[in-house]
Amino acid sequence: MLRRALIAFALVVALVAAGGVAVARSTPELRASGPTSVTGTEATGVFQIADRTIRQVRYDDQGTLRYTFAVTNDSKLPLVILGLAADQPDPRLFTLERLAGEDGAGDIRIGAGETAPLTLDLGMSGCETLSARAGSFVTQVVVRTEQAGVFDDDVTIRLPEELHTGSPREAFCPESTATSRPPG
C-alpha cells in the first residue's frame with residue numbers, strides 16, 4: 001500500500017514538473033509599442049494610412065538610423081533578448097545591424113510582464129541599385145531569445161511603426177551611375 005502511494009506521488013510530481021517544463025518551453029510573446037524615436041537622419045515624419053502607422057525617414061547613404069521603441073514581455077517567464085536572429089527580412093535600402101538595450105548592452109533582460117526600451121541600428125545603403133524615389137520598408141525584426149537560461153527561440157517582433165525610406169535622386173546617391181539604376 002505504501003509502495004503504491006509512493007508511486008502515485010512520484011507520478012504526480014513528474015506530471016507537475018513536466019507541466020512546468022511545458023509552460024517554460026512555450027515560445028515567448030513579445031509586443032512592441034511606443035514611445036518611439038529616431039536619430040541618424042535629417043528628417044522624419046509619422047503619418048497614418050488606415051490602420052498602418054508609417055514613419056518616413058530621409059535616406060542618408062552609408063548612414064546609420066537608430067530607431068528606439070518599447071518591447072513588452074507578455075510571457076510567463078523572464079527572458080533575455082540576445083540580439084538579432086540570423087534570418088531577417090531583407091529590405092533594399094536598410095541593413096539590420098544591431099539591437100541594444102537602454103544602456104547599449106546587446107543582452108536585454110525583460111521580466112515577465114515588464115517593458116524595456118530597445119534600439120535597432122539600421123544601416124542605409126544600396127540606393128544605386130534602386131530607381132530614384134522607389135521605397136523600402138522595415139516592419140518587423142526577428143530576435144534571438146533565451147528563457148530560464150536554456151530555452152532558445154527566434155521571435156518575430158512587429159514594429160510599432162513601419163519604417164520607410166525612399167531612394168534619393170542621383171545627386172544624393174553618390175555611387176549611382178547611368179547604368180546602375182533600373183529605369184523608373
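Where the accessible area of region 32-184 is counted over protein heavy atoms with a 1.4 Å probe, how much of it, in %, is carbon and sulfur?
48 percent
Within a Cβ distance under 12 Å of residue 80, other residues only, what is the Lys/Arg minus Asp/Glu net charge?
Counting the neighbours of residue 80, the net charge comes to -2.
Need the C-alpha centroid separation for region 92-113 versus region 114-139, integer Å.
15 Å
The values are calculated or read from the model by the stated rules, or taken from the named source; none is laboratory data. Note that the structure is predicted; figures quoted are calculated from it, not measured. Glycine also receives a Cβ, built like all others from the backbone with ideal geometry; neighbour counts cover every protein chain displayed. Surface accessibility is based on the protein's heavy atoms, side chains included, excluding ligands, DNA and RNA. Shrake-Rupley method; radii C 1.70, N 1.55, O 1.52, S 1.80 Å.
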